[in-house]
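The next block holds one structure in the form of C-alpha cells; read it before the comments.
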Amino acid sequence: MKKIIQAKINGILLRVEEGTTILEAAKRVQIKIPTLCKHPDLPPSASCGICIVKNKGSHKMLRSCCTPLEEGMDIITHDPEIVEIRRTVIELILSNHPNDCLKCARNNECELQKLTADFGIKEESFPQFLRDLPIDRSTKAVDLDPKKCILCGRCVHVCQELQDVWALSFLERGMKTRISPAGDIQLADSPCVRCGQCSAHCPTGAFVEQDHTAQAWKALQDPDKYCVVQIAPAVRVSIGEAFGYTGKNFTKKLYALLRRLGFNAVFDTSFAADVTIMEEASEFEDRLLHGRRPLPLITTCCPSWVDFMEKFYTDMIDHFSSCKSPHEILGVLSKTYYAEKNKIDPSKIFMVSIMPCTSKKYEITRNDEMFASGYQDIDTVLCTRELVRMIKQAGIDFDSLPDEECDSILGEYAGSGVIFGATGGVMEAALRTAHYFVTGKELKKVEFENVRGLKGVKETEIEIGAKKLKIAVAHGLGNVEYILNKVREAKNNGKEMPYHFIEVMACPGGCVGGGGQPYMVTDELRIKRAQALYQDDDQKQVRCSHQNPYIKRLYKEFLGKPLGEKSEKLLHVHYKARPVYVK
Amino acid sequence: MYTKVILVKDTDLKREDKTREFYTHLLDYLRGSNLHSQIQVVRVADIGVYDKGLVIKILPDKIIYCNVQDSDIKRIVDSTLDQGKIIEDLVFKLKAKQHRLVLRNCGKINPESIEEYIACGGYLGLKKVLGELGQQKLIEEIKLSGIRGRGGAGYPTWMKWNFAREAASTEKFVICNADEGDPGAYMDRSILEGDPHSVVEGLIIAAFAIGAPKGYFYIRAEYPLAVERIHKAIKQAYDFGLLGQNILGSSFNLDIEIRLGAGAFVCGEETALISSIEGKRGTPHPRPPYPSVKGLWGKPTVINNVETLANIPVIISNGGKWFSQIGTQASKGTKVFAVTGKVKNSGLVEIAMGATLREIVMDICGGTLSGKPIKAVQTGGPSGGVIPEALLDTPVDYENLQKLGSIMGSGGMIVMDEDDCMVDIPKFYLGFCVEESCGKCAPCRIGGFQMLGYLKKISEGKGVADDLGQLRRLSLAMQKASLCGLGQTASNPVLSTLKYFEHEYNEHILNKRCPAGKCSNLVTYEIVEDKCKRCGLCVINCPVQAISGGKEEGYLIAQEKCIKCGRCFDVCKFKAISKK
C-alpha cells in the first residue's frame, strides 16, 4: 500500500496517496487548475506551463501536472501573480497562433480558444508571428496545419507511444520547432496509418479530419443521385456527447435524422458486421478444421491495423482474414444486391459511411478491390464529428427527434454486429458463430466477458466442443508488438502457435475510441460508450450473426454460401507488403 | 647558435613607445659582452603583460621583468643572462594570487601521460577510496568538504551522490557533463584537454560512491581534442587496471564510454542530456523525478560537471576538512573563471571562493585593455546577469552573485567598458537562448522570441515607454513558467541590465540615443569642421557615397544616405568624424 501524505492546497488540508500530482490532488478538493497540454490519456508533457502553482516558502513555481504533492507542502493555486503569468503564457501562445477561429474546424471546440475565453483575453498583447508552413493534406484522412500547432506534444506521444507508429516527431528547435514526419516528408509518405488519434487528441485545429461534408451535401442535393447511408456501431453511442448525453445509444434517432438529412436509404454497418462474422467465422472454421491456411487467424475490420500490418508485420499476411471491413461490405452489397432487388441503377447510388474513424476515408480508394461492385463501393466517409456538424447545419433539433427504424434489407442486425464497436467485440461475435459452425450447436451463454474491457492485451482460453482455443485481443497499436512477437517467435522456431485467433483494433478502446469520435475522450468515456453497445446486444432478440434472418436471406438470395465464389469476389481482399517510407 | 631569446615591448600606452630605443641600447650592451652570439633580441607587438612600462621576457626561462630602465640593462645581462640569477625587484608579479586547485596540473604535465599524472599524486585519491574509505565514509568526506556543483546551480555534490546511493537499483549510472556551451566559457575544455585523468579519476570515484558499474562522458563534438584526450585517458586507465573489472584489486567494476553531443546548449541540462544519451531528441523533462532517483534509462544516475569531478581527487587526497577551509562559509573551494571581454589579461583564472570580482578583474586580469573605466561584469553566461562596476567589491560565491541578479554559472566572465551598450549585451545573450531553446515549452520558446523582439525594437530606436513593462512581464513569465533552467534564467541578462542600467534603456527609448554608440541605428556620424584636414579618405571609403563636398568647401555626411557602418569614423586619422 502506498504511503498517505498530508499537505495543504489553498489552505485546505488534505490527505492523498504519495505520488498523486498537485493537479489531481487539487481536483479532490474541488480546485480546478487550468491546463492546456495535459490530456487524461497521456502522461504530462509539461510543455505549456499554464498549470503552474506556488509552494509557500519557495520562489520557484511548480508545474502541477507533473509534480507530486509532497508531505507538508502548502500549495497556492490561484493568486494575482500566478493568474497573471498564466495569462501571459496564453497570450504568448496566441501570438504564435493564427487568430482565425471563425474559420477553423475546431471553432467552439478548441481547448486554446476556451482557455482564452476563460481568462477574458480580448486583445493581442504581443506582436503576432506566424511561419508560412504548408498544410499537409496528403493522407486523404487527416490534415496537418502546422501553423495552428501549439507544440503540446500530444500527437507525438500518441503516435509514438500509444500507437507505436512513429510517423510524427518534432523537427528543428526554438521558434522553428514543428510537428512533422521525420525527414520532413509528407504524412502519406511516412509510416502514418491514418488512425487519426492525433486529431482526436489535438487541442487545437492543427490535426483535423479531412472534411468531406461538402461532398455529402452535394450528393444529397443532386436529384439524380440515390443517396444511401450506413452508420457504424460506435457512432450511435458517441454522437450524443455533442448534445450533452454520455453513454447513450441513439441508433433509432440517427435513422430518423439521416432520413431528415435527405438520404434515400438508411442502413446499418452492424448488419455488414454480421456478414463479416459469417465469412470470418467460416474462415476460422476452415483453418481450424482443415488447416488449408495457418492459424492464428487475425481480424481485419480495422483499416489502420491492416495498413500497420502491411508496413510492419508483413510476415503475418497469411494469418490475416481476407474479409473486408464491414462498411466496405455494406457498400458493395448496396450497389449489387440492394440495387438489383430494388431495380436501382448502381451508378446513381451515392454511398456514405458514417464512421468513428478517419482511416476509412483512405480505405475507400485503397486499391481496386474497393471497387468490387464495378463502382467505387463507398463514395464518401464522414466521421462522427462531421456528422455533428451536418446536423447543426441542417437545423435539426436532435433532442426531440423521434425514433425510427432503419431500411430493409441491409439494416437489421444481430447483437453480435453492434458490439464490433468495442475492443473484443469482433472476437466475441466471431466466437459465437464459430462455435456453431464448428460444433453445430448453439451456445447457451453467448457472452465472453474475458475479451471485454480496456486492458491493453487480453488473453484467454475458451472451449469450442472438444477444442481448447487460445485467443488474444489487442487495442491501441502499441499493444500489438507483444502479441505478434510471440507469434513470430513460434513461427520462426517451428513451435506451437501461442494463439488460435487474434483481434486487433488500432484505436485505444476499439472503434468507440476511434480517431474520428468526439473530442476529449477518456477511458471513462470509452467504457461508457462500450457499455451502451453491450446493452444494445443484450436487448436484442437475435444475438448471433448466423441467426439473423436477413443474413440467412442474403446468403440464400444472393451470396450463396460463406467463402463461396460470389463472397470471395465481393467481400474478400488480398494483402501485400508496403514500404514504411514511400520514396 | 642562440640559446636564449629576449622579447621586448614597451607596455606603457600613455607615453611614446620606447621599445626601439631600449632595444638598441640592449643590443649595444650585448655586443660588448661575450653573450652576443648566444642571445637573440626580438621586438614584439604584444607580450601578454600590460601597463607595466618596458617589459622583457626571457625565453626559454619564461622570466618576465617589468618597468625595466636603461640602467637595468647591465644587471640583467650580467646576473640573469650570464649567471641565471633572478632580479627580484624587476620580476613581474601578480598582485592577487590565484588558487590553482582544479588547474593544478594544467600546463605542467603531459596530459597524454598517465605516468606524469600519477607522479603528481594522481589516482592516490581513488586508491584511498577503494582501500580505506568505502562508500559511506567517502560521501561523508565529500559532505565535509562542502563542495557544490560547478555546473552552475551549486547543488551540494554529496546530496546528489547520497540520493543515488540510497536508491534501490542494481543498475546505476554516472555521467560527466562536458557539454560546456556558454559563449566565451572554456574552463571545462581546458581541464579535459590539460588534465583529463583528474576528471576520469573523479568520475571513477563518483561511480564507486553510488555503486554504478557504468559511466559516460558526454562531450560536445566541437571539442575534438578534449574527446581525444579523454579517449586516451580512459584507455590508459584500463591498461593500468584503474577501469574495468576489479579496479585496483577491489571488487569494484566500472566501464566508461564517451558519448558525443551535437552541440545543443540545452543538452547541458541534466534531463535533456539523458535524453540525448538515450538517442532521443535532447529536450528537458519535468523534475521530479530527479535523475539521482530516475535518470538514464530510468535508473538512478549522477551527473556531475567536469570541474566538480576534477576537484574530487584533491578533496580525497587532502581530506574534506582541508578543502572546507578554502572559500567562504557556504561556498567552499575554488572556482575557475574564463575571463574575456575588454580585459587586458584574458584567460582562465582560478580563485578561492570569496575573492572579489574587482580582484579578479583588476588585479589578476589587469583592468580594461582600452584604459577606459569598467562599466560592468557579466557572469554566468546567457543565464547570468550583469553586475555594475560599483558592486565589484562583492566577494564571489553562489549566494552573493544570485543576490545581485546574476549567477555563478559555469564560470564565464565578460568584462565590459563604456563602449558596451546595456541594451546590446542582453540582446546578444537572449538571442543565444532563443537560438538554443529546444522549443518544447511555450514560455521559453515564444517568450524569449518576443523579448528579443522588444530588445531589437529598442536598439533600433523604435522603442516605446511601455516596452520595458512588457519586458518585465515576459521575464517573469519565463522565469516562473519555463520547464528547465534555460528558459527560467534566459531573462536574467535583461532583468539585471534593467535593474542597474534602466537609464540606458530610457536613453534609447525616450531620446533615441545609444550612450555607448553601439546601436548603429541610433548613432549619428558628423564631420567636425575644425579638425578635418580635407584628405578625402572618408569619401573614398564610404560604401554608399553619403559623403559629399570637396577640398575647397569641406565635406558633409548626408544623414538620409548614411548606413551607419562607421567606416569613415574608423579611417579618419584626425578624429574629425564625431559619433553621437
For this session: Report the residue count in segment A:310-329 for those that are part of a helix (DSSP H, G or I) and hydrophobic (A, V, I, L, M, F, W, C).
Result: 4
Exercise. What residue, among those in segment A:126-147 that are charged (D, E, K, R) and more than 15 Å from A:Met175 (Cα to Cα), is modelled with the lowest pLDDT?
Worked result: A:Lys140
For this session: Would you be able to say whether some residue in segment A:185-208 is within 12 Å of another protein chain (Cβ to nearest Cβ) and among the acidic types (Asp, Glu)?
Result: no
Problem set entry | Which numbered condition B:Gly154 fails, given (1) more than 27 Å from B:Gln329 (Cα to Cα); (2) surrounded by fewer than 23 Cβ atoms within 10 Å (Cβ to Cβ); (3) modelled with pLDDT under 95 | (1)
For this session: Select from segment B:178-212 the residues that are modelled with pLDDT of 95 or more, of a type outside the set (A, V, I, L, M, F, W, C) and in contact with a strand residue (DSSP E or B) (Cβ under 8 Å, 6 or more places away or on another chain) and list them in ascending order.
Result: B:Gly202
For this session: Please tell me if A:Ile179 is in a strand (DSSP E or B) and outside the structural domain of A:Phe263 (by TED's automatic domain parsing).
Result: yes
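Residue-wise test of (1) touching a residue at least 12 places away in the same chain (Cβ under 8 Å); (2) over 27 Å from A:Cys48 (Cβ atoms); (3) buried (at least 16 other Cβ atoms within 10 Å of the Cβ).
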{"site": "B:Ala465", "(1), (2), (3)": "yes, yes, no"}
{"site": "B:Leu483", "(1), (2), (3)": "yes, no, yes"}
{"site": "B:Phe501", "(1), (2), (3)": "yes, yes, yes"}
{"site": "B:Leu510", "(1), (2), (3)": "yes, yes, no"}
{"site": "B:Thr524", "(1), (2), (3)": "yes, yes, no"}
{"site": "B:Lys564", "(1), (2), (3)": "yes, yes, yes"}
{"site": "B:Arg567", "(1), (2), (3)": "yes, yes, yes"}
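For (1) out of contact with any helix residue (DSSP H, G or I) (no Cβ under 8 Å at 6 or more places or on another chain); (2) assigned to a loop (DSSP other than H, G, I, E, B); (3) farther than 19 Å from A:Glu283 by Cβ; (4) not assigned by TED's automatic domain parsing to the domain that holds A:Ala414, each residue gets a yes or a no:
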residue: A:Pro518; (1), (2), (3), (4): no, yes, yes, no
residue: A:Val521; (1), (2), (3), (4): no, yes, yes, no
residue: A:Lys528; (1), (2), (3), (4): yes, no, yes, no
residue: A:Gln531; (1), (2), (3), (4): yes, no, yes, no
residue: A:Asp537; (1), (2), (3), (4): no, no, yes, no
residue: A:Val580; (1), (2), (3), (4): no, yes, yes, yes
Seminar exercise, completed: Note: among B:Gly134, B:Gly125, B:Gly107, just one is part of a helix (DSSP H, G or I) and in contact (Cβ under 8 Å) with a residue 40 or more places away in the chain, namely B:Gly125
Seminar exercise, completed: Cβ pairs under 8 Å, 6+ apart or interchain, first in segment A:375-404 and without any contact (Cβ under 8 Å) to a residue 60 or more places away in the chain, second among the small types (Gly, Ala, Ser) and surrounded by fewer than 19 Cβ atoms within 10 Å (Cβ to Cβ), ordered by first then second residue, are A:Tyr375/A:Ser347
For this session: Name every residue in segment A:230-250 that is surrounded by fewer than 24 Cβ atoms within 10 Å (Cβ to Cβ) and either touching a Gly at 6+ places or on another chain (Cβ under 6 Å) or on the phi < 0 side of the Ramachandran plot (or both), in order of residue number.
Result: A:Gly240, A:Glu241, A:Ala242, A:Phe243, A:Tyr245, A:Thr246, A:Lys248, A:Asn249, A:Phe250
Problem set entry | One residue from A:Ser325, A:Ser304 being under 22 Å from the mean Cα position of the chain (by Cα), in the same structural domain as A:Asn264 (by TED's automatic domain parsing), at pLDDT 95 or above and of a type in the set (Gly, Ala, Ser) | A:Ser304
For this session: For segment B:203-241, name all the residues that are touching a Cys at 6+ places or on another chain (Cβ under 8 Å) and part of a helix (DSSP H, G or I).
Result: B:Leu203
Seminar exercise, completed: Going through segment B:375-390 in order, the residues found to be more than 16 Å from the chain's Cα centre (by Cα) and either at pLDDT below 90 or within 25 Å of B:Gly327 (Cβ to Cβ) (or both) are B:Pro388, B:Glu389, B:Ala390
Seminar exercise, completed: Scanning segment B:160-201 for residues that are crowded, with 24+ Cβ neighbours inside 10 Å and in contact with a Cys (Cβ under 8 Å, 6 or more places away or on another chain) gives B:Asp179, B:Ile191, B:Asp195, B:Val199
For this session: Go through segment B:169-222 residue by residue and tally those that are aromatic (Phe, Trp, Tyr) and under 19 Å from the mean Cα position of the chain (by Cα).
Result: 1
Seminar exercise, completed: Residue count, segment A:136-161, condition assigned to a loop (DSSP other than H, G, I, E, B), within 16 Å of A:Leu187 (Cα to Cα) and out of contact with any helix residue (DSSP H, G or I) (no Cβ under 8 Å at 6 or more places or on another chain), comes to 3
For this session: Of the conditions (1) out of contact with any Gly (no Cβ under 8 Å at 6 or more places or on another chain); (2) surrounded by fewer than 20 Cβ atoms within 10 Å (Cβ to Cβ); (3) within 14 Å of chain A (Cβ to nearest Cβ), B:Pro382 clears all except one; give me its number.
Result: (2)
Exercise. Name the residues in segment B:13-40 that are at pLDDT 80 or above and within 26 Å of B:Leu369 (Cα to Cα), would you?
Worked result: B:Glu16, B:Asp17, B:Lys18, B:Thr19, B:Arg20, B:Glu21, B:Phe22, B:Tyr23
Problem set entry | In segment B:242-260, the residues that are surrounded by 19 or more Cβ atoms within 10 Å (Cβ to Cβ) and part of a helix (DSSP H, G or I) | B:Ile247
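Table: residues versus (1) touching a Cys at 6+ places or on another chain (Cβ under 8 Å); (2) more than 22 Å from A:Ser45 (Cβ to Cβ).
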residue	(1), (2)
B:Arg472	no, yes
B:Met478	yes, no
B:Ser482	yes, no
B:Leu495	no, yes
B:Glu507	yes, yes
B:Asn511	no, yes
Exercise. Among A:Tyr499, A:Tyr555, A:Tyr550, which is touching a Lys or Arg at 6+ places or on another chain (Cβ under 7 Å), assigned to a helix (DSSP H, G or I) and aromatic (Phe, Trp, Tyr)?
Worked result: A:Tyr555
Problem set entry | Positions within segment A:330-348 being of a type outside the set (Val, Ile, Thr) and in a loop (DSSP other than H, G, I, E, B), in sequence order | A:Lys343, A:Asp345
For this session: Could you check B:Leu296 against (1) touching a Leu at 6+ places or on another chain (Cβ under 8 Å); (2) within 25 Å of B:Val200 (Cβ to Cβ) and say which number it fails?
Result: (1)
Exercise. Restricting to helices (runs of 4 or more DSSP H) lying wholly in segment A:375-458: which have 3 or more residues that are acidic (Asp, Glu) and surrounded by 15 or more Cβ atoms within 10 Å (Cβ to Cβ)?
Worked result: none
Seminar exercise, completed: The residue that is farthest from A:Ala200 (Cα to Cα), considering only those in segment A:150-175 that are without any contact (Cβ under 8 Å) to a residue 60 or more places away in the chain and touching a Phe, Trp or Tyr at 6+ places or on another chain (Cβ under 8 Å), is A:Gly174
For this session: Filter segment A:114-161 down to the residues that are on the phi > 0 side of the Ramachandran plot and away from every other protein chain (no Cβ under 14 Å), then identify the one that is surrounded by the most Cβ atoms within 10 Å (Cβ to Cβ).
Result: A:Lys140
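The values are calculated or read from the model by the stated rules, or taken from the named source; none is laboratory data. What you see is a predicted model, and the numbers here were worked out from it, not measured in a lab. Note that each Cβ is placed from the backbone with ideal geometry, even for glycine, and that neighbours are counted across all protein chains shown.
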